[in-house]
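No lab work stands behind these numbers, since they all come straight from the coordinates. Quick caveat, the model's predicted, so the values are computed rather than measured. Reconstructed Cβ throughout: ideal geometry from the backbone, glycine too, with neighbour counts over all protein chains shown.
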Amino acid sequence: MLHSARVIPEVTPWRTPVIRTIPPRTELPRNHRLHRTQGTGSVGQGDSLQTGGCGVFNIELLGQPEGEGERLFNWGRITLGDFIDEFQAPLFDWAPGDYAAHWLESAQRLLRGAPVAVFLTHMVHPTAPYHLGWPAWRRDDRVYVQERLFLRDQLDGDFDPEFPEVHAGPHQETSAEGVKIAQWVVSVRELHDFVERHRRSNGSA
């Protein structure tokens, strides 16, 4: 549903790089951050941030919505092995159920053999200045996951929340500046387990 009579919140991006690279980002107080990170796989630890067969893939919303009006959001969490990143998911165009359905569909696309899918975690409106998500590229039985800041003025065309993978581009392990991109590796089996957990929690066969 579009909010034609409402002003889209002008949220200042919490960082300017388009991709998460090494060294780590500057930490800000929680009430000024869209993210909070923990785990041994956090940015800046080790020469490579790849972990093969890390044991778990999960992405979920936590608790009840916070804030009010156009600042309503839900804390969420993505888990890639022992790496955990929590984020604020705006509840402007999307409700909690929209995020959950989108993440399930993204996982299913990869399981069906799609080469790339994106797990969006910050979707205000297709015309918003930026969007946050986790592109995931499948290679055989492995899936390579990175974090991405999609800036509207750097996209080829309008942002498409139904098919955000069109904005992900090819899988790369270094930036245009030659900096290593933070990356985590999960297995197709772990994506399958995520889908099955989601189905069981919703009473699906």
Least to most buried among GLU147, GLU196, by other C-beta atoms within 10 Å and fewest first, runs GLU196, GLU147
Using the Karplus equation 6.51 cos²θ - 1.76 cosθ + 1.60 (θ = phi - 60°), what ³J(HN,Hα) coupling, rounded to whole Hz, does each residue of region 65-78 give in order, writing x for Gly and Pro?
-> x, 10, x, 7, x, 6, 9, 5, 8, 10, 5, x, 8, 10
Magnitude of the charge dipole, region 69-173, Cβ model with Lys/Arg +1 and Asp/Glu -1, debye to 20 | 200 debye
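Before anything else, pin down the relative contact order of region 57-205: Cα pairs under 8 Å, at least 6 apart, normalised by residue count, whole percent. Kindly include the intermediate steps, with their values, before the conclusion.
Numbers: 253 pairs, mean separation 26.9, N = 149.
Dividing the mean separation by the residue count of region 57-205 yields 18 percent.
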Rounded, prolate or oblate: which one fits region 100-205, using the alpha carbon gyration tensor with axes a ≥ b ≥ c (rounded when a/c is under 1.5, else prolate when a/b beats b/c, else oblate)?
-> oblate
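For GLU68 and THR127, compute 0.36 nm times the residue count separating them, minus their Cα-Cα distance, and round to one decimal in nm. Walk me through the intermediate numbers first.
Values: separation 59, 0.36 × 59 = 21.24 nm, distance 2.13 nm.
Gain on stretching GLU68 to THR127: 19.1 nm.
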Among GLY69, LEU132, LEU80, pick out the residue whose Cα is farthest towards the positive end of the charge dipole of region 68-159, where Lys and Arg carry +1 and Asp and Glu carry -1 on C-beta, about the Cα centre.
-> LEU80
Long-range amide H partners of PHE119 with built H, under 5 Å | TRP134, ALA136
